[in-house]
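Working notes for the structure below.
Every number in this text was worked out from the coordinates using simple rules, so none of it is lab data. Not measured: the values here are computed from a predicted model. Reconstructed Cβ throughout: ideal geometry from the backbone, glycine too, with neighbour counts over all protein chains shown.
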Amino acid sequence: MQPETLDLGGPLVLIGCGKMGAALLDGWLARRAVAADVTVIEPMAENAAPFMARGVAHARDPGGLPPDLNPAVVVVAVKPQQMDALMAACAGLAGTGALFLSIAAGRSLAYFEGRLGAETAIVRAMPNTPAAVGRGMSVLCANPKTGPHQRDLAGALMAAVGEVAWVEDEALLDAVTAVSGGGPAYVFLLIECLAQAGIDSGLPEDLAMGIARATVAGAGELVRQSDLPASTLRENVTSPAGTTLEALKVLMASDGLQPLMSRAIAEATRRSRELAS
Ligand SMILES: NC(=O)c1ccc[n+]([C@@H]2O[C@H](COP(=O)([O-])OP(=O)(O)OC[C@H]3O[C@@H](n4cnc5c(N)ncnc54)[C@H](OP(=O)(O)O)[C@@H]3O)[C@@H](O)[C@H]2O)c1
């Protein structure tokens with residue numbers, strides 16, 4: 001379903017047009033979700049080039065923005081490690097009344113308040129790359145200076161590219177980052193593992209990868225359209241004494257997928273906390 005076009009009431013600036021920034025912008029443009037002049041700030045002009053062809057302006061750094069631009073929203077999509085240098089260059093944008101919407105893992109609201117000023121409206125969002133096809137999952141958390149209208153804007157921007165949830169407790173974003181921020185990577189790994197296991201069981205490589213991709217995509221669409229719990233959908237595939245049951249005995253053993261996944265998520269959560277400190 002095509003989302004309503006969102007009028008931001010002023011220009012949108014996207015800083016950082018790498019994998020995630022580009023996924024968001026692609027989602028916004030493809031769905032004509034945002035009625036605003038959009039400028040991408042990105043040192044790598046080739047990253048911005050496909051969007052310039054779609055009417056987006058480009059500057060290499062915040063100093064290259066027109067002085068009278070007055071953006072309504074500044075989306076910050078650089079790596080956490082690049083943030084200190086970027087914030088130093090953003091002094092001119094602080095205090096303009098713009099809402100700052102950061103998608104960086106592990107950079108806290110307090111971090112941004114410390115660099116942009118405590119009066120700045122700041123929302124942290126943790127999206128994921130399926131936003132590029134309108135199927136993202138974003139979890140948001142706002143600082144107290146974010147008014148209801150700016151909260152709505154941030155929520156609507158992220159809702160234009162997928163589902164949205166809000167948390168009031170910012171600390172939860174570390175585990176959110178681990179589960180949904182990085183989650184697509186684990187699912188893609190599942191496809192790779194499933195395909196390799198098929199090859200190990202005698203399938204030709206093309207067929208193994210084709211059926212692994214289609215199976216994960218189909219299961220994803222089924223769970224999206226169904227109201228049934230994931231466990232019921234799993235049981236629906238599992239005939240008594242059948243083949244799936246044999247695989248699930250391995251995957252659901254005490255040393256199976258759950259402890260592995262819990263360990264992986266705990267490590268990613270720890271890293272998110274570490275980045276914030
Ligand atoms: N990838 C994901 O799935 C995902 C999911 C959720 C959240 N995030 C968050 O999204 C943010 C971006 O991640 P990513 O994977 O998209 O990283 P990325 O592909 O490295 O993108 C970052 C982009 O920002 C550019 N950049 C660096 N410094 C800049 C500056 N001062 N001004 C403007 N642009 C600058 C980088 O250019 P150079 O290449 O020249 O350095 C790069 O093109 C991270 O904070 C990450 O935590 C990512």
Could you go through region 34-55 and let me know if any residue there is among the aromatic types (Phe, Trp, Tyr) and either free of Cβ contacts under 8 Å to residues at least 60 places away in the same chain or under 24 Å from residue 272 (Cα atoms) (or both). yes
So if I check each of 264, 219, 276, which one is surrounded by 12 or more Cβ atoms within 10 Å (Cβ to Cβ) and more than 20 Å from residue 194 (Cα to Cα)? 276
Residues (touching a helix residue (DSSP H, G or I) at 6+ places or on another chain (Cβ under 6 Å) and in a loop (DSSP other than H, G, I, E, B)) located in region 109-126: 121
If only one of 116, 101 is of a type outside the set (Gly, Ala, Ser) and within 14 Å of the ligand (Cβ to nearest atom), which one is it? 101
Out of 91, 110, which single residue is within 15 Å of the ligand (Cβ to nearest atom), free of Cβ contacts under 8 Å to residues at least 24 places away in the same chain, surrounded by fewer than 23 Cβ atoms within 10 Å (Cβ to Cβ) and of a type outside the set (D, E, K, R)? 91
Within region 10-54, how many residues turn out to be more than 8 Å from the ligand (Cβ to nearest atom) and either among the hydroxyl-bearing types (Ser, Thr, Tyr) or not in a helix (DSSP H, G or I) (or both)? 17
For region 196-216, the count of residues that are surrounded by 14 or more Cβ atoms within 10 Å (Cβ to Cβ) and outside any helix (DSSP H, G or I) equals 1
